[in-house]
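The values are calculated or read from the model by the stated rules, or taken from the named source; none is laboratory data. What you see is a predicted model; the values in this text were computed from it and never measured. Cβ: placed from backbone, ideal geometry, glycine included. Neighbour counts: every protein chain shown. For accessibility, only protein heavy atoms count, side chains too; no ligands or nucleic acids. Shrake-Rupley method; radii C 1.70, N 1.55, O 1.52, S 1.80 Å.
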Amino acid sequence: MSSLPSPVRVVSRRTVKPPARPHERIPLTSWDTAMLSANYIQKGLLFAPPPLSTAGLVDHLEAALADALAVYYPVAGRFVTIQHRDGDVAAGCSVSVDCGGQGAEILLAVADGVVAADVTPPDADVPSVVRSFFPLAEAVCYDGHELPLFAAQVTQLADGCVFLGFAGNHALADGAAFWNFLNAWAEIARSRLAPTTPSRPPLLERWSPDGGPAVLPCADPSALVERLWPPPLRERMLHFSEESLVALKEQARRELLSAGDAAGAAAVTRFQALASLLWRSITRARGLAPERETACRAAINNRGRLRPPLPAEYFGNSVDGIATSRMRASELLAPGGHGGAAAAVGRAVAAHTDADIRARAAAWRAKPVVYTMRKVDAAGVMIGSSPRFDMYGCDFGWGKAVAARSGKADKCDGKVSLYPGRDGGGIDAEVMLLPDHMAALERDDELWTNVS
């Protein structure tokens, strides 16, 4: 049976270019190059009706984006592959950002019959129409050789609200850098309507512990790219209030003290407690056999963990994936297992030191790899994004966003993305599961007791 056509129609697109500047090429690091098979980062914000006409709104965003690209000029570039040779012998290839001002894109779309309430229904799945609010939906990062490294889609809803869907090449920048760029663009847009204090400029020079450029053992990186999409998933947004997070942390602390782990109890955080709850609940929903092993993985920002630290303004990728030690499902789900799971997450975070980061970089250089969805652990949980990203600081001139959502990119069964709560407290968790697993999760009393 064919699916119903999307009510979203793209009606125009514009290429936005920065002012001319000296030509430059910036080699990608190992952190960047490993992302060439990943999808673009797709995050977006729902806004109340702006005090501008549709044409005026797009003009406003375009002018501010051009100014932002003057500072973040690599965003307007394209990738280029450079062949490496040892005399007459091919010796691999590397990828650079060709900063030739090729341009980013802004699309204007109309969502026929769709209103804001349809985008954020209470106590229900994220509707499939949201995926149509994002450009470059099928692209992987390698496609940045031809496609824009950044695109934004302005979708006009039937009630006057606007959804801004952003797609950024993940081999160009990680989530922290992505949101720094969006906030810089928003700051420039606000300054056109009211004076603002300028933020700190980005650090565009690439750096990684292993130096650069990152060389792949092939003639062209396309040989390492896979275009894999998961089976149909259900997606829910769950809110955890400050009070709920404090209670989860306290429960983990008490369980660890009862188990004689005073050090773990003293070190436990809200993130560890929330990760434990989600890991245990998803494992229960999957009905894993008692002896089946599972692990909780998370993306982790390296900037502050390096010695010396990499500045927060570093524009590129500086992220690794960490994982807990593997646990049998029976152990994870045993009474008192919440504290043990939280402590396991804490140990994984604590082990990610400067030395570990540098060892990982050296290992990648010895055996380069491009990450693909094929490496997903069917019994594990993967936590991405971060409630520390200033998503609701992206005010383009007419107020804070109503909600944050994501597109179809890099989603799989057991993927969780964390968002800041809109009103400055709590955390929103975007949970993706196979339909049967989500149906079981909806019956999980431990989870729903803590959902606000």
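In region 137-160, the qualifying residues are those that are touching a helix residue (DSSP H, G or I) at 6+ places or on another chain (Cβ under 8 Å) and not in a loop (DSSP other than H, G, I, E, B), and the one that is farthest from residue 171 (Cα to Cα) is 156. Just so you know, in region 137-165 the residues that are of a type in the set (Phe, Trp, Tyr) and open to solvent by less than 30 Å² (accessible area, probe 1.4 Å) include one that is nearest to residue 111 (Cα to Cα), and it is 163. Residue under question is residue 161, and the condition is that it be closer than 29 Å to residue 302 by Cβ and either touching a strand residue (DSSP E or B) at 6+ places or on another chain (Cβ under 9 Å) or outside the structural domain of residue 47 (by the TED database) (or both); does it hold? When the stated conditions are applied, residue 161 does not pass them.
Each residue in region 287-320 was checked for being closer than 20 Å to residue 348 by Cα and free of Cβ contacts under 8 Å to residues at least 40 places away in the same chain, and 2 of them qualify. Out of the residues in region 346-367 that are out of contact with any helix residue (DSSP H, G or I) (no Cβ under 7 Å at 6 or more places or on another chain) and outside any helix (DSSP H, G or I), state the one that is most open to solvent (accessible area, probe 1.4 Å). Selected residue: 367. If the condition is being assigned to a helix (DSSP H, G or I) and either surrounded by 15 or more Cβ atoms within 10 Å (Cβ to Cβ) or aromatic (Phe, Trp, Tyr) (or both), then region 223-241 contributes only 224. Every test in (1) of a type in the set (Gly, Ala, Ser); (2) outside any helix (DSSP H, G or I); (3) under 24 Å from residue 388 (Cα atoms) is passed by residue 177 save one, and that test is (2). Scoring residue 441 on the criteria (1) of a type outside the set (Gly, Ala, Ser); (2) buried (at least 21 other Cβ atoms within 10 Å of the Cβ); (3) within 25 Å of residue 132 (Cβ to Cβ) leaves a single failure, condition (3).
Using the structure shown, decide if residue 191 is under 17 Å from residue 389 (Cα atoms), more than 15 Å from the chain's Cα centre (by Cα) and open to solvent by 30 Å² or more (accessible area, probe 1.4 Å). No: the conditions fail for residue 191. Cβ-Cβ contacts under 6 Å between residues 6 or more apart (or on different chains), taken from a first residue in region 6-32 that is assigned by the TED database to the domain that holds residue 70 to a second residue that is at pLDDT 95 or above and of a type in the set (Phe, Trp, Tyr), are listed as 18/73; 30/364. Could you please find all residues in region 75-88 being out of contact with any helix residue (DSSP H, G or I) (no Cβ under 8 Å at 6 or more places or on another chain) and either under 27 Å from residue 150 (Cβ atoms) or of a type in the set (D, E, K, R) (or both)? 77, 82, 83, 85, 86, 88 - these are the residues of region 75-88 that are out of contact with any helix residue (DSSP H, G or I) (no Cβ under 8 Å at 6 or more places or on another chain) and either under 27 Å from residue 150 (Cβ atoms) or of a type in the set (D, E, K, R) (or both).
Restricting region 423-452 to residues that are assigned to a loop (DSSP other than H, G, I, E, B) and either touching a Ser or Thr at 6+ places or on another chain (Cβ under 6 Å) or within 18 Å of residue 175 (Cβ to Cβ) (or both), the residue that is modelled with the lowest pLDDT is 452. The number of residues in region 368-385 being in contact with a Cys (Cβ under 8 Å, 6 or more places away or on another chain) and either of a type in the set (Asp, Glu) or in a loop (DSSP other than H, G, I, E, B) (or both) comes to 2. Mind checking whether some residue in region 341-352 is in contact (Cβ under 8 Å) with a residue 12 or more places away in the chain and more than 30 Å from residue 424 (Cα to Cα)? No, that holds for no residue. Restrict the check to region 363-385 and report whether at least one residue is among the charged types (D, E, K, R), under 29 Å from residue 252 (Cβ atoms) and modelled with pLDDT of 95 or more. No, because not a single residue in region 363-385 is among the charged types (D, E, K, R), under 29 Å from residue 252 (Cβ atoms) and modelled with pLDDT of 95 or more. Within region 62-79, residues that are in contact (Cβ under 8 Å) with a residue 24 or more places away in the chain have Cβ atoms under 6 Å from residues that are of a type in the set (Val, Ile, Thr) and open to solvent by 30 Å² or more (accessible area, probe 1.4 Å) in these pairs: 64/188; 67/188; 68/188, counting only partners at least 6 apart in sequence or on another chain.
Hey, any hits in region 277-284 for a residue that's closer than 30 Å to residue 211 by Cα, outside any strand (DSSP E or B) and either free of Cβ contacts under 8 Å to residues at least 24 places away in the same chain or touching a strand residue (DSSP E or B) at 6+ places or on another chain (Cβ under 9 Å) (or both)? No, every residue in region 277-284 fails to be closer than 30 Å to residue 211 by Cα, outside any strand (DSSP E or B) and either free of Cβ contacts under 8 Å to residues at least 24 places away in the same chain or touching a strand residue (DSSP E or B) at 6+ places or on another chain (Cβ under 9 Å) (or both). Here residue 402 meets the list (1) open to solvent by less than 20 Å² (accessible area, probe 1.4 Å); (2) of a type in the set (Val, Ile, Thr); (3) within 30 Å of residue 65 (Cα to Cα) almost entirely, failing just condition (1). The strands (runs of 3 or more DSSP E) found entirely in region 47-136 that carry 3 or more residues being open to solvent by less than 10 Å² (accessible area, probe 1.4 Å) are 89-98, 104-111.
Candidates 55, 70, 91, 104: the one that is touching a helix residue (DSSP H, G or I) at 6+ places or on another chain (Cβ under 6 Å) and either of a type in the set (Gly, Ala, Ser) or in the same structural domain as residue 24 (by the TED database) (or both) is 104. If you go through region 372-393 and keep only what is over 19 Å from residue 36 (Cβ atoms) and of a type in the set (D, E, K, R), you end up with 377, 388, 390. Filtering region 118-167 to residues that are within 25 Å of residue 452 (Cβ to Cβ) and acidic (Asp, Glu) leaves 118, 123, 125.
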